[in-house]
Amino acid sequence: MNPTQIAEKIRDLLDKIQSKIDEITRLVNSVLSKIPFFLSWVADKVHEAWDAMLSRLKEFWDWFTDKLSYVGNPFLLNDTGKSWNTVGASVARINDTITDQALSVDDRWKGRAADQYEQSLEPQRRANTSIMSDYAANVANALSSLSTGIAAFWAGIAVALITLIGAIAGAAVATGTIVGLPAAPVLIGIGIVAFLVAAGSGVGVLLTQAGTCRTTLAATSAGISVWPKIATQ
């Protein structure tokens, strides 16, 4: 699933919500048109609750104003993280070739220079290991963690929307009687508030994960600090 498909699924849920709101609006107007004069207080209650619900509904639609334009790409982040692990592992495997047994140069090269080079083998191995453990693995874990965070965020939003749809369905049932009519907009309003609370919490968690990822990537940007002297002289 790519970012476009994620956005489409969320939009499908939003379309269902809009459709149900339109349906309830028609039902409420139909019932209000049949309320006798002596029950005008019911109509007043409905209008008051409906206005409050519309205010919450505006907050709901406003929340989505810019969210679907940058849903993120958790799948690309995850694949990139795996690639960093692959790179790190490939570099670490070079250590298998940096041993006395694997190298033939010391069989033909003697003297102080040869001795100095032999002393550099272990620092070279440590540098390769550091590329994996201190650099590639950290970058990979940061990207994978953010990938998981983005996916969990949108999954949570989808669940919250489905829950809201359930609340709206309950509101539709309440429109079946004049006495239950005032409860319809209240139920919708409660559902919207529950969604906004869940969405706000989700944003907070995602921002924390993004901050951790940013910190990790900034820390690794300094590069490897254990390069052998032979590579820096």
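Taking LEU207 as the residue in question, decide whether it is modelled with pLDDT of 90 or more, over 12 Å from the mean Cα position of the chain (by Cα) and aliphatic (A, V, I, L, M). Judged against the criteria, LEU207 is not a match. Checked against (1) within 13 Å of the chain's Cα centre (by Cα); (2) at pLDDT 95 or above, ALA155 meets all criteria but (2). For region 67-88, check the following and say yes or no: at least one residue is at pLDDT 90 or above, among the small types (Gly, Ala, Ser) and assigned to a helix (DSSP H, G or I). The answer is yes; a qualifying residue exists. Within region 46-66, identify whether any single residue is modelled with pLDDT of 85 or more, surrounded by 11 or more Cβ atoms within 10 Å (Cβ to Cβ) and assigned to a loop (DSSP other than H, G, I, E, B), and answer yes or no. Scanning region 46-66, I find at least one residue that is modelled with pLDDT of 85 or more, surrounded by 11 or more Cβ atoms within 10 Å (Cβ to Cβ) and assigned to a loop (DSSP other than H, G, I, E, B), so the answer is yes. Figure legend. Inter-residue proximity from region 20-45: first residues under 22 Å from LEU161 (Cα atoms) and at pLDDT 85 or above, second residues aromatic (Phe, Trp, Tyr) and part of a helix (DSSP H, G or I), beta-carbon distance below 9 Å, spacing 6+ or different chains. Indicated pairs: THR25/TRP50. With respect to ALA222, determine if the residue is exposed (fewer than 14 other Cβ atoms within 10 Å of the Cβ), in a loop (DSSP other than H, G, I, E, B) and modelled with pLDDT under 90. Against the criterion (exposed (fewer than 14 other Cβ atoms within 10 Å of the Cβ), in a loop (DSSP other than H, G, I, E, B) and modelled with pLDDT under 90), ALA222 qualifies. Report yes if some residue within region 180-191 is surrounded by fewer than 17 Cβ atoms within 10 Å (Cβ to Cβ), at pLDDT below 90 and under 30 Å from PRO123 (Cβ atoms); otherwise report no. No, the conditions are met nowhere in region 180-191.
The values are calculated or read from the model by the stated rules, or taken from the named source; none is laboratory data. The model shown is predicted, which means the values in this text are computed figures rather than measured ones. Every residue, glycine among them, receives a Cβ derived from its backbone with ideal geometry; neighbour counts consider all protein chains shown.
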